[in-house]
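This report concerns only the one structure given below.
The values are calculated or read from the model by the stated rules, or taken from the named source; none is laboratory data. All values reported here derive from a predicted model rather than from experimental measurement. Reconstructed Cβ throughout: ideal geometry from the backbone, glycine too, with neighbour counts over all protein chains shown.
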Ligand code: FES
């Protein structure tokens, strides 16, 4: 799934980003600082942003892409308005977290690490969040749901959907 990067809407951020790169690029190990700045400014690091970095720093795009995809703090996709975290820690896993996760993936039509085309949801798999007594657990925009059953997922997701897209 790909999202179109809007140059016009991001013009101000791009100008700020380019002057940041100009300031940083001669420093040793500047790529990580530049990538962090880009992730912070745009919320993700699409290929268009990587091309800006490559052009200004003369670092090959393949090298930049390799770093972006290696570190989990960088994302190639924008995050959804509602970030869903499904705990795959041991307690949650043995109590059915996988079937909860599978139901969320089916319901939204996306995989872990992806974002729905309407930018409403993204899914992440997380480690133990310290609520094992409530396993299996998921969070949506900071709200915690415990003792989950796959059959409850649709209703929970609907409460985060805008009226037009409720199923
Ligand atoms: S294992 Fe899921 S909250 Fe601890």
In segment 134-146, which residues are in contact (Cβ under 8 Å) with a residue 24 or more places away in the chain and surrounded by fewer than 16 Cβ atoms within 10 Å (Cβ to Cβ)? 141
It is to be established whether one or more residues within segment 60-70 are at pLDDT 95 or above and either assigned to a loop (DSSP other than H, G, I, E, B) or within 16 Å of the ligand (Cβ to nearest atom) (or both). yes
Residue check: is residue 73 in a loop (DSSP other than H, G, I, E, B) and more than 16 Å from the ligand (Cβ to nearest atom)? yes
Which numbered condition trips up residue 79, out of (1) without any contact (Cβ under 8 Å) to a residue 24 or more places away in the chain; (2) exposed (fewer than 15 other Cβ atoms within 10 Å of the Cβ); (3) more than 16 Å from the ligand (Cβ to nearest atom)? (1)
Just name the residue that is farthest from residue 6 (Cα to Cα) out of those in segment 82-103 that are more than 16 Å from the ligand (Cβ to nearest atom) and surrounded by fewer than 17 Cβ atoms within 10 Å (Cβ to Cβ). 102
Every residue from segment 126-152 that is over 17 Å from residue 103 (Cβ atoms), part of a loop (DSSP other than H, G, I, E, B) and within 11 Å of the ligand (Cβ to nearest atom): 127, 128, 129, 130, 131
Just to be sure, is residue 88 in contact with a helix residue (DSSP H, G or I) (Cβ under 9 Å, 6 or more places away or on another chain) and closer than 28 Å to residue 130 by Cβ? yes
Residues being crowded, with 16+ Cβ neighbours inside 10 Å and within 18 Å of residue 65 (Cα to Cα): count how many of those fall in segment 1-29. 4
Is it true that some residue in segment 155-167 is touching a strand residue (DSSP E or B) at 6+ places or on another chain (Cβ under 8 Å), assigned to a loop (DSSP other than H, G, I, E, B), within 26 Å of residue 42 (Cα to Cα) and within 16 Å of the ligand (Cβ to nearest atom)? no
